[in-house]
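Since the structure comes first, as structure tokens, the remarks are kept for the end.
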Amino acid sequence: MPQIDQISEIFASQLFWLVLTFGLVYLVIGRGMLPKIEATVDARDKQIAGDLAAAEAARRTAEEIDEANRARAEANRAEALKVTQAAKDSAAREAEQKIKAADAQAETKVAAAEAQIRAATEAAMGDIENVAAEAAQDMVARLTGKTVSRDQADTAVKAALANG
């Protein structure tokens, strides 16, 4: 076979060109393109690391702001409860004072009404006694034909009313 016979003659030449080609490829890729690729990868890694650090810092800041907002909301809620309780207490005191004033006014009206009723009762009793005394005088005069004095009729009516 002629191809096999030529191997020894062209082996050194092919080996030379193989080494030269791979050397050129190595120089072009290894020295020219690889540093650019590594620089791009390093820049990308740095950008990702920077973005992650910024995201972590933003997350911490957001948590701090959220915690501050929660604390402020809790303080506002506590203050609102204090104000509400103070308003309830104030309203209760005012209502109690109004009730006391209304009770006092009602007691005054009741006392005045009771006094009027007593006065009306006494006046009615006086009128009843007068009417009863006149009726007693008139009955005694009609039944017995005798006249009874006003004093005697008043005394008899008062005794009858007292007994019952």
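Per residue, the average separation of C-alpha pairs within less than 8 Å and at least 6 apart gives the chain a relative contact order of 10 percent.
Let a ≥ b ≥ c be the square roots of the eigenvalues of the Cα gyration tensor of region 1-97; is it rounded (a/c under 1.5), or, if not, prolate (a/b larger than b/c) or oblate? In terms of gyration-tensor shape, prolate. Select from Gln85, Ala120, Gly23 the residue farthest towards the positive end of the dipole of the chain; place +1 on Cβ of Lys and Arg, -1 on Cβ of Asp and Glu, and compute about the Cα centre. Highest projection toward the positive end goes to Ala120. Compactness ratio for the chain: Cα radius of gyration over 2.2 N^0.38 Å (N = residue count) comes to 4.08. If you count Lys pairs in region 48-164 whose Cα atoms are under 26 Å apart, skipping same-chain pairs closer than 8 places in sequence, the total is 6. Normalised per residue, the accessible area of region 2-85 is 88 Å², obtained with a 1.4 Å probe and no contribution from ligands, DNA or RNA. Between region 74-88 and region 122-164, how many Å separate their Cα centres? Taking the Cα centre of region 122-164 as reference, the centre of region 74-88 is 76 Å away. Around Ala120, under 11 Å between beta carbons, what's the net of Lys plus Arg minus Asp minus Glu among the other residues? Residues close to Ala120 contribute a combined charge of -2. With all protein chains in place and a 1.4 Å probe, the accessible surface of region 1-135 carries 64 percent carbon and sulfur.
Annotation note: chymotrypsin sites (Phe, Trp or Tyr not before Pro) in region 1-68 located in DSSP loop regions with a Cβ neighbour count of at most 16 within 10 Å are absent.
Within a Cβ distance under 13 Å of Asn69, other residues only, what is the Lys/Arg minus Asp/Glu net charge?
In short, -2.
Excluding same-chain neighbours fewer than eight residues apart, the lysines reachable from Lys46 by a Cα-Cα span under 18 Å are Lys36. Taking all protein chains together and rolling a 1.4 Å probe, Lys100 ends up with roughly 120 Å² accessible. Can you tell me how region 69-159 classifies by the Cα gyration tensor, rounded, prolate or oblate, using a/c under 1.5 as the rounded cut? Judged from the Cα gyration tensor, region 69-159 comes out prolate (a/c at least 1.5, a/b above b/c). Counting only DSSP H runs of at least 4 residues, each contributing -39500 (n - 2.57), and dividing by the residue count of the chain, the helix-based mean residue ellipticity at 222 nm comes to -34000 deg cm²/dmol.
The values are calculated or read from the model by the stated rules, or taken from the named source; none is laboratory data. Since the model is a prediction, treat every value here as computed from it, not as a measurement. A quick note on method: Cβ atoms are made from the backbone with ideal geometry, for glycine too, and the neighbour counts reach across all protein chains shown. Quick note on the areas: whole protein, heavy atoms, side chains included, nothing else; ligands and nucleic acids left out. Shrake-Rupley method; radii C 1.70, N 1.55, O 1.52, S 1.80 Å.
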